[in-house]
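The values are calculated or read from the model by the stated rules, or taken from the named source; none is laboratory data. Because the structure is a prediction, the values reported are computed rather than measured. Here the Cβ positions follow ideal geometry from the backbone for every residue, glycine too, while neighbour counts run over all protein chains shown. Areas reflect the complete protein model, heavy atoms only, side chains present, ligands, DNA and RNA absent. Shrake-Rupley method; radii C 1.70, N 1.55, O 1.52, S 1.80 Å.
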Amino acid sequence: MAHLTRAIPNIFLKVPLNTTVTGVLKRTLSCSPTLSIQAPVSRPENHTKCTLIPGDGVGPELVHCVLEVFKAAQVPVEFETFFLSEVNQAMSAPLEEVEESINRNGICLKGVLATPDYSHTGELETLNMKLRRNLDLYANVVHVKSLPGVKLRHQNIDCVIIREMTEGEYSALEHESVKGVVECLKIVTKRKSQRIAKFAFDYATKNNRKKVTAVHKANIMKLGDGLFLNSCKEIAKLYPKIEFEQIIVDNCTMQIVSNPQQFDVMVTPNLYGNILDNLSSGLVGGAGVVAGASYSSECVVFEPGARHTYAEAVGKNVANPTAMLLASAKMLSHINLQYYGDLIRNAVNRVLKAGKVRTKDLGGQATTQEYIFAIISNLR
Amino acid sequence: MAGTLCARLNKLSSFSGITVPARKVAALSAYDVQHKHPFAKKVTPIPKAKYGGRHAVTMLPGGGIGPELMGYVKEVFRYGGVPVDFETVQIDPKSDSNEDLEYAITSIRRNGVAIKGNIETKSLDTDVISRNVALRNELDLFVNVVHCQSCPGIKARQKDIDIIIIRQNTEGEYAMLEHESVHGVVESMKVVTEENSERLARYAFDYCRLHGRKKVTTVHKANIMKLSDGLFLEVSKRVAKEYPDIQHDAMIIDNTCMQLVANPHQFDVMLTTNLYGSIVSNVICGLLGGAGLLSGRNYGDHYAVFEPGTRNTGTAIAGKNIANPIAMLNASVDMLEHLGHDSHAEVIRTAINKTISEDHIHTPDLGGQATSIDVVQNIIKHVQALSKKCQIVAPPHLMSRHDTT
């Protein structure tokens with residue numbers, strides 16, 4: 001029992017009296033996974049295997065941080081590491097091997113892969129896109145949540161952006177039909193639109209969310225985005241207990257920066273999702289603090305929510321490992337190691353809440369190393 | 001005069017012409033709800049609820065001991081590290097509206113798979129239909145499979161029974177078409193269709209082939225109900241001809257019951273209509289050790305629902321910590337096998353068998369002294385030990401998927 005109370009982070013217990021408890025915060029109070037932590041969680045002795053792709057830029061440093069924390073928390077997970085890279089092809093592991101490993105393990109922790117603006121080989125598809133297509137990682141989930149103690153323009157943001165990742169603008173179908181005229185095809189199919197809509201509603205059902213908002217631009221792309229929107233409407237009929245709304249993408253971006261608390265779960269086609277991920281990550285502290293995950297029906301790849309390699313910070317010991325840590329905590333919850341997931345998440349929250357040790361992107365002076373030490377000493 | 005009569009007739013026909021379809025749309029009678037389509041239902045495919053290897057499954061705790069048993073299932077799954085997320089849907093037994101039920105059905109449509117206890121229908125209103133039956137009919141779960149197998153370690157009247165009961169699940173006596181034609185005379189309709197009988201017979205014979213069974217026995221009462229049970233029997237005989245490798249015989253229900261209690265070992269697979277299946281499965285469960293052991297599986301073309309084998313609510317022993325959790329846990333194991341999580345299923349099944357046969361921890365219904373929680377804790381102990389030993393491997397389709405694409 002003592003264990004149970006200890007696991008509840010302070011933020012949930014001390015709500016300042018002068019702030020009005022908004023709907024979003026109420027929801028956090030009622031269905032926070034930390035509150036439902038049950039004391040004697042089984043700790044399997046056998047190690048779960050997980051594929052690890054450090055990625056480019058600061059990726060390897062961040063992954064090192066995760067490994068440090070895992071070691072300190074004695075998490076029963078073993079990693080199969082593959083260095084996969086597009087900009088550094090000579091060192092890259094073959095894609096097939098990586099895919100085979102992810103398929104076998106079912107889970108993967110991945111840093112960010114850098115993509116060159118110009119293709120040297122003439123290939124239109126990036127390594128990231130190939131990985132997604134081959135593994136059919138169709139649903140990208142980014143949980144944008146205000147961090148405790150981090151003072152920013154907006155507080156109490158708690159929304160989930162679910163993005164279709166295998167079609168739309170990212171179909172890699174571009175050609176120059178006449179010299180000087182390039183056509184880029186955006187593909188929308190009913191099957192995939194329904195699939196992502198169902199994913200979003202099932203996610204909402206599972207996580208006690210109340211509303212799903214479809215983001216589209218069907219007023220201009222009447223057929224393509226129209227199909228997406230209609231598929232969402234169709235699936236919404238199966239979920240009478242969840243509210244369904246639609247919003248046009250340009251209005252959506254404005255609403256997010258002015259009043260982000262109104263959103264709950266958002267379901268979007270490929271490109272809009274990418275933009276919204278980055279936009280809303282910016283609202284809660286930047287690319288270093290938001291975790292994401294990409295789902296296929298068989299496997300999950302956990303990665304930072306907004307994908308930036310931060311190559312200019314390599315070796316400077318300043319990158320923020322929060323996103324990677326939260327992604328790894330999500331991964332642990334996914335494989336029924338809820339106990340360790342909560343352990344890491346609570347440690348991160350506690351350090352941020354205390355506010356003494358923070359990396360530069362959150363206005364602190366600490367190095368990555370110091371931040372990780374603070375987290376490790378808060379694992380309890 | 002003629003003119004007014006004509007006008008009146010016109011009025012009448014136009015009146016009836018409008019009202020009949022209007023009534024159909026406005027208020028669905030129990031008949032409509034149950035039998036909008038008496039035959040195989042066409043269903044538009046909905047994407048599967050499986051994300052990152054985790055399944056979403058609808059859980060209908062139902063009444064009586066249902067909720068406690070579901071709690072045990074969740075607990076065992078948690079310790080076994082089973083990648084299944086439950087969406088719990090409560091159905092208010094006293095409610096007169098079918099709203100909860102409809103939501104439950106929608107939820108099963110979305111997830112494709114459900115585990116359920118027995119749902120009570122307490123409303124005395126004749127318009128409120130039995131929810132268990134409505135659920136099966138609406139989802140077109142036309143076959144119910146109960147695998148009756150003796151457990152070593154349980155004192156029972158008969159040893160080494162191994163019978164599969166395959167029961168028609170959506171029509172027959174459970175068509176719920178009853179009316180009082182004249183005061184004091186009630187008629188109840190029993191509906192048997194060729195299409196459903198054939199689907200069922202095919203399922204039974206295919207099941208035999210798949211599981212290496214030798215004989216199918218059709219249970220009927222065609223000597224009395226020559227047309228309805230006659231059709232069922234005739235169809236099963238016709239289908240049997242297409243499966244020459246499997247033996248087929250037929251037996252009348254009253255004789256079947258006698259044979260079951262006297263010499264149950266003669267049966268292999270039993271193919272029955274709805275009511276007879278209910279009777280036969282209860283008889284055999286009685287021979288094996290009661291309602292708390294066996295699990296039942298309901299399959300349609302698109303959905304699967306798992307539940308305890310005999311559909312008892314157990315209201316009398318609810319909340320007393322003496323209900324036998326084995327039946328529901330067996331149902332959950334069936335579910336895991338259906339979902340393809342074979343290694344998890346194996347771990348839990350072994351843990352259950354060890355608890356019953358080796359540790360002899362039995363609830364009062366099996367003649368033991370243990371409480372429900374004792375049984376569950378012992379199972380959890382074994383689950384923990386077993387999952388330490390064996391490496392949980394990914395389901396085989398995961399490995400092959402890469403090669404095929």
- [ ] Take the range A:238-254 and flag every residue that is more than 16 Å from A:Arg195 (Cβ to Cβ) and open to solvent by 30 Å² or more (accessible area, probe 1.4 Å).
- [x] A:Pro240, A:Lys241, A:Glu243, A:Phe244, A:Glu245, A:Gln246, A:Ile248, A:Asp250, A:Asn251, A:Thr253, A:Met254
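Would you point out the residue of the range A:238-269, among those that are under 13 Å from A:Ala200 (Cα atoms) and free of Cβ contacts under 8 Å to residues at least 60 places away in the same chain, that is farthest from the other protein chains (Cβ to nearest Cβ)? Please lay out each step first, then the result.
At the first step, the residues of the range A:238-269 found to be under 13 Å from A:Ala200 (Cα atoms) are A:238-239, A:242-245, A:264-269.
Filter again for free of Cβ contacts under 8 Å to residues at least 60 places away in the same chain, leaving A:238-239, A:242-245.
Details: A:Leu238: 5, A:Tyr239: 8, A:Ile242: 11, A:Glu243: 15, A:Phe244: 14, A:Glu245: 20 Å.
Looking at the filtered set, the residue picked out is A:Glu245.
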Task: Qualifying positions in the range A:124-169 - of a type in the set (Gly, Ala, Ser) and surrounded by 19 or more Cβ atoms within 10 Å (Cβ to Cβ) - done: A:Ala139, A:Ser146, A:Gly168
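Suppose we filter A:Val188, A:Val178 for residues that are farther than 30 Å from A:Arg350 by Cβ and without any contact (Cβ under 8 Å) to a residue 60 or more places away in the chain; which single one remains?
Numbers: A:Val188 fails: without any contact (Cβ under 8 Å) to a residue 60 or more places away in the chain.
Result: A:Val178 is the single residue among A:Val188, A:Val178 that is farther than 30 Å from A:Arg350 by Cβ and without any contact (Cβ under 8 Å) to a residue 60 or more places away in the chain.
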Open item on the list: Within the range A:269-292, take every residue that is open to solvent by less than 10 Å² (accessible area, probe 1.4 Å) and out of contact with any helix residue (DSSP H, G or I) (no Cβ under 6 Å at 6 or more places or on another chain) and give me the one that is nearest to B:His55 (Cα to Cα).
Closed with: A:Gly292
Task: Residue tally, condition surrounded by fewer than 23 Cβ atoms within 10 Å (Cβ to Cβ) and touching an Asp or Glu at 6+ places or on another chain (Cβ under 6 Å), over the range B:194-216 - done: 3
Open item on the list: With the requirement that a residue be in a loop (DSSP other than H, G, I, E, B) and open to solvent by 40 Å² or more (accessible area, probe 1.4 Å), what does the range B:152-169 give you?
Closed with: B:Pro152, B:Lys155, B:Arg157, B:Lys159, B:Asp160
Task: Residue identified as basic (Lys, Arg), within 17 Å of B:Asp301 (Cα to Cα) and touching a residue at least 24 places away in the same chain (Cβ under 8 Å) among B:Arg167, B:Arg209, B:Arg213 - done: B:Arg167
TODO: Note down all Cβ pairs under 7 Å where the first residue falls in the range B:134-146 and is touching a residue at least 60 places away in the same chain (Cβ under 8 Å), the second is of a type in the set (Asp, Glu) and outside any strand (DSSP E or B), and they're at least six residues apart or on different chains.
DONE: B:Asp140/B:Asp301
TODO: For B:Ile361, work out the one condition from (1) assigned to a helix (DSSP H, G or I); (2) in contact with an Asp or Glu (Cβ under 8 Å, 6 or more places away or on another chain) it doesn't fulfil.
DONE: (1)
- [ ] Scan A:Gly180, A:Gly149, A:Gly168 and give me the residue that is among the small types (Gly, Ala, Ser) and in contact with a Pro (Cβ under 6 Å, 6 or more places away or on another chain).
- [x] A:Gly168
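Take the conditions in contact with an Asp or Glu (Cβ under 8 Å, 6 or more places away or on another chain) and of a type in the set (D, E, K, R) and apply them to B:Asp160. Does it pass?
On the way: in contact with an Asp or Glu (Cβ under 8 Å, 6 or more places away or on another chain): no; of a type in the set (D, E, K, R): yes.
Taking the combined requirement at face value, the residue does not satisfy it.
Please note which strands (runs of 3 or more DSSP E) are completely contained in the range B:47-146 and include at least 1 residues that are within 19 Å of the chain's Cα centre (by Cα) and buried (at least 24 other Cβ atoms within 10 Å of the Cβ). Quick ask: steps written out before the conclusion?
Details: elements: B:54-60, B:84-88, B:113-116.
Once the strands (runs of 3 or more DSSP E) in the range B:47-146 are filtered for at least 1 residues that are within 19 Å of the chain's Cα centre (by Cα) and buried (at least 24 other Cβ atoms within 10 Å of the Cβ), what remains is B:54-60, B:113-116.
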Task: Checklist (1) over 25 Å from B:Met59 (Cβ atoms); (2) open to solvent by less than 30 Å² (accessible area, probe 1.4 Å); (3) modelled with pLDDT of 85 or more; (4) not acidic (Asp, Glu) applied to B:Ala175, failing item - done: (3)
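Got at least one residue in the range A:330-353 being among the charged types (D, E, K, R) and open to solvent by less than 10 Å² (accessible area, probe 1.4 Å)?
In the first step, residues of the range A:330-353 are kept if they are among the charged types (D, E, K, R); the result is A:330, A:342, A:345, A:350, A:353.
After this cut, where a residue has to be open to solvent by less than 10 Å² (accessible area, probe 1.4 Å) as well, the list is A:342.
Yes, the range A:330-353 has at least one match.
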Task: Residue identified as away from chain A (no Cβ under 14 Å) and farther than 24 Å from A:Tyr239 by Cα among B:Ile115, B:Ile129, B:Ile161, B:Ile119 - done: B:Ile161
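State yes or no: is A:Ser36 modelled with pLDDT of 80 or more, small (Gly, Ala, Ser) and either open to solvent by less than 60 Å² (accessible area, probe 1.4 Å) or more than 30 Å from A:Ala313 (Cα to Cα) (or both)?
Values: modelled with pLDDT of 80 or more: no; small (Gly, Ala, Ser): yes; either open to solvent by less than 60 Å² (accessible area, probe 1.4 Å) or more than 30 Å from A:Ala313 (Cα to Cα) (or both): yes.
So A:Ser36 fails the test.
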Open item on the list: So, in the range B:323-375, how many residues would count as being surrounded by fewer than 20 Cβ atoms within 10 Å (Cβ to Cβ) and touching a Pro at 6+ places or on another chain (Cβ under 7 Å)?
Closed with: 3
Task: Pick from the range A:321-380, criterion part of a helix (DSSP H, G or I) and of a type in the set (D, E, K, R), ranking: nearest to the other protein chains (Cβ to nearest Cβ) - done: A:Lys330
Open item on the list: For a quick check of your reading: which helices (runs of 4 or more DSSP H) sit entirely within the range B:170-280 and have at least 3 residues that are in contact with a His (Cβ under 8 Å, 6 or more places away or on another chain)?
Closed with: B:228-241
TODO: Could you list, in sequence order, all residues of the range A:167-202 that are more than 19 Å from A:Arg132 (Cβ to Cβ), of a type in the set (Asp, Glu) and more than 9 Å from every other protein chain (Cβ to nearest Cβ)?
DONE: A:Glu176, A:Glu183
Open item on the list: Just to verify a result, which residue in the range A:206-237, among those that are within 14 Å of chain B (Cβ to nearest Cβ) and touching an Asp or Glu at 6+ places or on another chain (Cβ under 6 Å), is nearest to A:Ile157 (Cα to Cα)?
Closed with: A:Arg209
